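Just so it is clear, none of the values below were taken in a lab; they were calculated from the coordinates. Computed from a prediction, not measured in an experiment: that's the story for all the values here. Reconstructed Cβ throughout: ideal geometry from the backbone, glycine too, with neighbour counts over all protein chains shown.
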Amino acid sequence: MSAVLAEIENLSVAYRTENGRTAALSQVDLAIEAGKRLAVIGESGSGKSTLALAITDLLPNDALVEGEIAWPGLPHLPAPGRDIGFVFQDPGASLDPVLSIGEQIAEVAKNHLGFGWREAYIHACDLLERVRIPQPEAALRAYPHQLSGGQRQRVAIAVAIAAQPKLLIADEPTSALDTIVQREIVSLLDRLVSESGMALLFITHDIALASGFADAVAVFHESRLVEAGAADEVLSRPSRAYTRLLIDSHIDLATPPLIEGAQA
């Protein structure tokens, strides 16, 4: 059994409203294992993104938080960008339009790995090659608007892993992409996890997309964790009616979501 990287215990998050408060997460208990792929699944508004923001300590100041997130797999409290990489849904919003691709990746390496600029740019070029950006040396000088949507998401992944984090969180990273590019991005994330040994928390509403690569699955509904466990167990023998409903809604669940031989 893998070591536990992060342990979430009785986590509840609520936001103040005019009528009191609205629950975003309710008494969540969940473990993230080192080096494993955890798919967090549920419909929009079920609490998936709130969970990601809580893990990275990026919740808004007005959030009301109860419970604990412990990090037995780290020697210190994690820092976003260093120990936790975050890939957002829209790379156009997460990448700076006025900085070159090389500047954005190199800055992370310089700040968190102690590299000088020259070493950081070499590192950035290596990362662009790892995420399979064509002509990585030329791409260092490009700006986000000069790349396709799929290429921007690959760059966002390169930025997220530039400091060699122990956990990579990908929050709906494929929802703005077409089906072919979606599967290529999933295949890329799967390969990067295998190569680096980092853990992956992959947030999606698409249970079919995650079914081919996740080691574990956590299913959220109306701010609550309704089911969690090994992916093959949850997806083949779900214990909760909501999980069965999600599975039944994806008639192509048995189709391998990773394209064999696809360039990822």
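What the table below lists for this structure:
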item	result
Residues Phe115, Phe86 arranged by fewest to most Cβ contacts within 10 Å	Phe115, Phe86
Three-way shape label, the range 1-114, alpha-carbon gyration tensor, a/c 1.5	oblate
Options Thr56, Ala160, Pro75, ranked by Cα towards positive dipole end of the range 38-185, top entry (Cβ charges)	Ala160
Cα lying deepest toward the dipole's positive end in the chain, options Ser44, Ala34, Gly149, charges on Cβ	Gly149
17 Å cut-off, amide nitrogen to a point 7 angstrom out along Asn19 Cα→Cβ, residues in the range 208-241	223
Modelled FRET efficiency - R0 30 Å, Ser196 with Asp29, Cβ distances, 0.05 increments	0.65
Modelled FRET efficiency - R0 30 Å, Ala241 with Ser2, Cβ distances, 0.05 increments	0.50
Local electrostatic count at Leu64 - Lys and Arg +1, Asp and Glu -1, tallied over other residues with Cβ under 14 Å	0
Computed label-point distance, nm, for sites Arg141 and Ala79 using a 7 Å Cα→Cβ extension	3.3 nm
Between the range 145-222 and the range 7-21, the alpha-carbon center distance in angstrom	27 Å
Distance in nm between pseudo-label sites at Ala70 and Leu113 (7 Å out along the Cβ direction from Cα)	3.2 nm
Dipole magnitude of the chain about its Cα centre (Cβ charges: Lys, Arg +1; Asp, Glu -1), debye to nearest 20	320 debye
